[in-house]
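The values are calculated or read from the model by the stated rules, or taken from the named source; none is laboratory data. On a predicted model such as this, the values are computed, not experimentally measured, just so you know. Every residue, glycine as well, gets a Cβ built from its backbone with ideal geometry; the counts of neighbours run over all protein chains shown.
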Amino acid sequence: QPYGYRVFDIYRKVPKDLTQPTYTGAFISILCCVFILFLFLSELTGFIATEIVNELYVDDPDKDSGGKIEVSLNISLPNLHCDLVGLDIQDEMGRHEVGHIDNSMKIPLNQGDGCRFEGEFTINKVRPCHTVDFQPTVCVFRLGC
């Protein structure tokens, strides 16, 4: 066995005297390098680019909840006195509660200059009937006064 395991070599070397460079081979090589560079740069820009997606999905694991969703709220307002913080609840079914205080607590922050508001309440579930194509750049939270 003069060759041994070398018989299984599928990447055999071609002798240099049998190879010859051509313009077609050079063109294909340059074209492949440009294509590889294009793919690399397009994937790199797709990886670096920031995409902001505004979506909210409410999962309902309890189908027998009677059409209610439990909401827990914990928000810190470092520059708003607790005397000015309140909670208004309004939903699409017509419920509107002003100054909701059941299951809520106000905790002073920053020596009384701020407030942390914690509360729990339930709201009615409604089926969405519209989509939002415009997202505001400024968010306004109405907590009541």
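Worth pointing out:
- Selection within region 35-51: residues that are of a type in the set (Val, Ile, Thr) and exposed (fewer than 10 other Cβ atoms within 10 Å of the Cβ). The member of this set that is nearest to the chain's Cα centre (by Cα) is THR50.
- Residue tally, condition modelled with pLDDT under 80 and surrounded by 12 or more Cβ atoms within 10 Å (Cβ to Cβ), over region 83-102: 9
- Filter result for TYR23 (modelled with pLDDT of 80 or more and more than 30 Å from the chain's Cα centre (by Cα)): yes
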